[in-house]
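Mind looking over this structure? Questions follow.
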Amino acid sequence: MSPTQTTTVTTTAERVARFAEAASTDRNGVPALSPSDFASAIRAAAPDVQLSDAHVRDLFKAADVKKQGNLTFDDVVAFEHSLIQADALPHLTAAITGGPAPEMHLSPAVRILKSSYAFALGSVAGAVGAFSIYPIDLVKTRMQNQRSSVPGELLYKNSIHCFRTVLRNEGFRGLYSGLGPQLIGVAPEKAIKLTVNDLVRGFLTPADGTAIPLWAEVMAGGCAGGSQVIFTNPLEIVKIRLQVQGEAVAGGAPRQGAVTIIRSLGVRGLYKGAAACLLRDIPFSSIYFSAYAHLKKDFFGESPSKPLAWSELLMAGAIAGMPAAYLTTPADVIKTRLQVEAKKGQTSYNGLLDAARKIYAEEGFKAFFKGGPARIFRSSPQFGVTLMTYEALQSSVPFPWVTDAVPMAKETRKVLTGGEDKDGAFARGRLAAWMVTDVHAKLYGQSK
């Protein structure tokens, strides 16, 4: 029998049942394999493969990333999943030897391609999310820029009235004023945010496979939010001025295009309100990404054996966006006021603190939460759609250039990646055991 022959098990339920039959112990009520159970199962699955006791112990050690001394079904599925990742071999070797992972075996060209792949997915996901809620974003900006201290300035009673007024006076196209800069900026913005969050999470995740701590999740989100401001601030100030100019045009002012606005602002002017942008985006992403990860795992029950449906990913993203959007509304109000060109008779602001003081003095504390409901209805579904699209694209369009330091036969790769046989946990374990044997033979020249 060759390493690529398998025993087919068609459903997850059958795999779980087969696993439970072999388990003699449990972990918090969940069937689990002891080291001896695991050894028996591996040898039963591969009776003609000569594996030493040391090889079997090595395989158990590699699969037991949580250092529990036993293996649940989810542990085995997670280990199976790790074997098909592009960087599986170095981490598998590190788990077996107890030492640091060797240098990544991906070539520089493949690493660049993988980064480009993540950037492209983030760009498409960001554009889909931004377009889906853009009219709400325009309403949010109009509401935040409305000065309640100026007589006759209250053009809109609430967000719904604002939407109806824009639609009546400026038409359907008016609801999409400034969409161009938004779509241009959303590609680098969302791609950088998603990529930096993934990179920092990966860097801060403990090497022993335990869960990433909350402080690390918050830091990863904050780094993601801060990294995007270099792209978002120039594009947002242009977008915001295009969004509000419909009010000025109605009063007889000439309409300006994006290029005209950029020329009038200059490079320095494009970063007006950057401090408020950082004050908004860093806490937003810290709250959002942390809440999103925990909602998926703790509320919807995501695990290696239970991937979430698209509807669950959308709900997790939308729920996570609610507190993140509303709690950062004050910084967004200040940013909007700093970036919109003040009309004649309106208060002008000189920096973040000056704007905060004047808004509070003239309009009271409630003014800091203008457009708050619109931010929830905008940010919550936008990031839900964005992350759902991003994860859906990752699943449906996987990174194609996966290389291995230890060559494997084509038929073995098909089994490992689920390309043909839908094999059971122990059949996959047998292939893993064969891989471990090959790892030691090629990297160390001998068995342990």
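Which pairs break 31 Å Cα to Cα here: LYS61/LYS306; LYS157/LYS343; LYS61/LYS193? Don't skip to the answer; put the middle values down first.
Details: LYS61/LYS306 24 Å; LYS157/LYS343 20 Å; LYS61/LYS193 35 Å.
Listed pairs above 31 Å: LYS61/LYS193.
Using a 1.4 Å probe, what is the accessible area per residue for the stretch 116-178, in Å²?
Averaged over the residues of the stretch 116-178, the accessible area is 47 Å².
What is the stretch 204-290 by shape, rounded, prolate or oblate, if you read a ≥ b ≥ c off the alpha carbon gyration tensor as root eigenvalues and call it rounded for a/c under 1.5, prolate for a/b larger than b/c, and oblate otherwise? Walk me through the numbers before you get to the answer.
Values: a/c = 4.47, a/b = 3.10, b/c = 1.44.
Prolate is the answer for the stretch 204-290, as a/c is 1.5 or above and a/b outweighs b/c.
Show the residues, 5+ positions off or on another chain, whose built amide H is closer than 5 Å to the amide H of LEU33.
It is LEU71, THR72, by chain and number.
I'd like the Karplus ³J(HN,Hα) series for the stretch 67-72: coefficients 6.51, -1.76, 1.60, θ = phi - 60°, whole numbers in Hz, and an x wherever there's a Gly or Pro.
Working through the residues one at a time gives 6, 9, x, 8, 10, 8 Hz.
If each residue of separation counts as 0.36 nm, what is the full-extension length gain between PHE299 and ALA109 once their alpha-carbon separation is subtracted?
Numbers: separation 190, 0.36 × 190 = 68.40 nm, distance 3.93 nm.
Here the segment from PHE299 to ALA109 would lengthen by 64.5 nm.
The values are calculated or read from the model by the stated rules, or taken from the named source; none is laboratory data. Bear in mind that the values here come from a model prediction, so they are computed numbers and not experimental data. Surface accessibility is based on the protein's heavy atoms, side chains included, excluding ligands, DNA and RNA. Shrake-Rupley method; radii C 1.70, N 1.55, O 1.52, S 1.80 Å.
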